[in-house]
Amino acid sequence: MIASRLIAHRGCAKLAPENTLAAMKLTKTLGVDWVEIDANLMGDGSVVIFHDDTLDRLTNRSGDLKNLVYSDVAEVNIGSHFSETFKDERILTLEAMLDVLAKLDLGLNLEIKRYEHFSAADIVNPTISAIEQCWKDYDRLIISSFDHEILKLIYQAKPDWQLGQLWEALPDDWQSAVDAINAVSVHLDNTLITLPVARAVKQAGLDLYVYTVNDLNDADRLFDMGVDGIFTDDPTIFR
Ligand code: G3P
Ligand code: MG
């Protein structure tokens, strides 16, 4: 489980460029104990911490991750789109980010992205290797994905690791899906969640986390429903 009611979404994405070292350090400074970050796959099989399948939105370059190798992007500026203060921020590999988070003593919800140009196994195998190499505290790691295939592969390889199933809204077959991977948590979109849904998930003994909440009233409503934690871009709203 995530031992925090606040989880810094992509680091604190409203306060620093998302998924960067600066965002992780800021999360720590703000006293938030857990982060959510996005793992993605490049053309050479490198797993990187990056939300999109192209460089266009977040960097000073354009191009699809599938057509690039890590050395192409190692020096790409991932901070200036947010503010020149962050011009030295770079795209990190999963290994580098895991080392950073371990040193900062932050809990991690690693969301694994799945874009059409790669298979579930393509990203799962290097992700498992990186985690085994760089991460020690498995109580402070939850792996989530919208892609059920990814979670099934991890469950087969690492049945003891904590898995969270991401959905926008809870589907009808949710119970069999969470059973198939022995999920510890369900992660849902805050605009689609209802009280019966929250109750059903909690009654099944699962933790319930909700994205992305940047409003105090929304947070109150969700915690009243029994939600265990919220992903937020700005934890300072909740002080
Ligand atoms: O893991 C919760 C949330 O991050 C899922 O959506 O697009 O922000 O990665 P997204
Ligand atoms: Mg995410």
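Bear in mind these aren't lab numbers, they're just calculated from the coordinates by the rules spelled out. Source: prediction; values computed, not measured. Every residue, glycine among them, receives a Cβ derived from its backbone with ideal geometry; neighbour counts consider all protein chains shown.
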**Q.** the chain, helix-only ellipticity at 222 nm - DSSP H runs n ≥ 4, -39,500 (n - 2.57), divided by all residues, nearest 500
**A.** -9000 deg cm²/dmol
Q: Please give the contour-minus-distance gain from Asp139 to Trp167: 0.36 nm per residue of separation, less the Cα-Cα distance, rounded to one decimal in nm.
A: 7.8 nm
Q) Which one of Asn217, Asn19, Asn40 has the biggest mean-square fluctuation once the chain is modelled by GNM with Cα springs under 10 Å? A) Asn217
(Q) From the alpha carbon gyration tensor of the stretch 6-238, can you work out the equivalent ellipsoid semi-axes (sqrt of 5 times each eigenvalue) and give them in Å, largest to smallest? (A) 27, 22, 16
Q: Can you put Arg10, Arg221 in order of Cβ neighbours within 10 angstrom, beginning with the fewest?
A: Arg221, Arg10
Q. Using the alpha-carbon centroid of each, what span in Å lies between the stretch 1-62 and the stretch 120-159?
A. 17
Q: May I ask you to order 149-155, 206-212, 55-61, 169-175 by the average number of other C-beta atoms within 10 Å around their residues, highest value first?
A: 206-212, 149-155, 55-61, 169-175
Q. So, with +1 on the Cβ of K and R and -1 on the Cβ of D and E, and no other charges, what is the size of the charge dipole of the chain about its Cα centre, to the nearest 20 debye?
A. 460
Q) Could you put Met42, Met225, Met1 in order, starting from the residue whose Cβ has the fewest other Cβ atoms within 10 Å? A) Met1, Met225, Met42
Q: Once you've got the GNM for the chain with C-alpha springs shorter than 10 Å, pick whichever of Val178, Val32, Val69 has the biggest mean-square fluctuation.
A: Val69
Q) Given Cα pairs under 8 Å that are at least 6 residues apart, what percent is the relative contact order of the chain? A) 20
